[in-house]
1. Only Cα pairs within less than 10 Å get springs; with that Gaussian network setup on the chain, which residue of Glu18, Glu35, Glu27 has the largest fluctuation?
2. With a 10 Å cut-off between alpha carbons and a GNM built on the chain, which of Arg33, Arg41, Arg19 moves the most?
3. Which whole number in µm²/s is D for the chain by Stokes-Einstein, with the Kirkwood Rh taken over Cα pairs at 37 °C and 0.692 mPa s?
4. Please determine, in degrees from 0 to 90 and to the nearest 10, the orientation of helix 23-50 with respect to the longest principal axis defined by the Cα atoms of the chain, where the helix direction is its Cα long axis.
5. Set the Förster radius R0 to 22 Å, insert the Cβ-Cβ distance between Arg42 and Lys17 as r into 1/(1 + (r/R0)^6), and round the FRET efficiency to 0.05.
6. Tell me, in nm to one decimal, what length is gained between Glu28 and Asn10 on full extension, where the rule is 0.36 nm per residue of separation less the Cα-Cα distance?
7. Among Leu26, Met1, Leu44, whose Cα lies farthest out toward the positive end of the dipole of the chain, if unit charges sit on the beta carbon of Lys, Arg (+1) and Asp, Glu (-1)?
8. Taking the Cα centre of the chain as the origin, how large is its charge dipole in debye, to the nearest 20, when only Lys and Arg (+1) and Asp and Glu (-1) carry charge on their Cβ atoms?
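FYI, it's all coordinate maths here, none of it is from the lab. Since this is a predicted model, take the numbers as computed values, not measurements. Note that each Cβ is placed from the backbone with ideal geometry, even for glycine, and that neighbours are counted across all protein chains shown.
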Amino acid sequence: MEKIKIDRINELGRIAKERELTAEELEERKALREEYLNEVRRQLRGEEGKK
């Protein structure tokens with residue numbers, strides 16, 4: 001996952017601590033988190049195959 005997307009996830013997290021996220025921000029955060037989790041899972045599956 002690109003660093004800019006990870007930075008955006010973190011930015012949305014900081015914003016959420018200060019105020020309620022808008023519907024658009026919530027959707028963006030959900031999509032970015034899902035993409036991040038899919039990438040982590042893909043990498044873990046790749047590691048399991050190497051053992």
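1. Glu18
2. Highest fluctuation among the options: Arg19.
3. 271
4. Compared with the principal axis, the helix lies near 10 degrees.
5. Computed FRET efficiency for Arg42 and Lys17: 0.15.
6. Difference between extended and current length: 5.3 nm.
7. The listed residue farthest towards the positive side: Leu44.
8. In debye, rounded to 20, the chain gives about 360.
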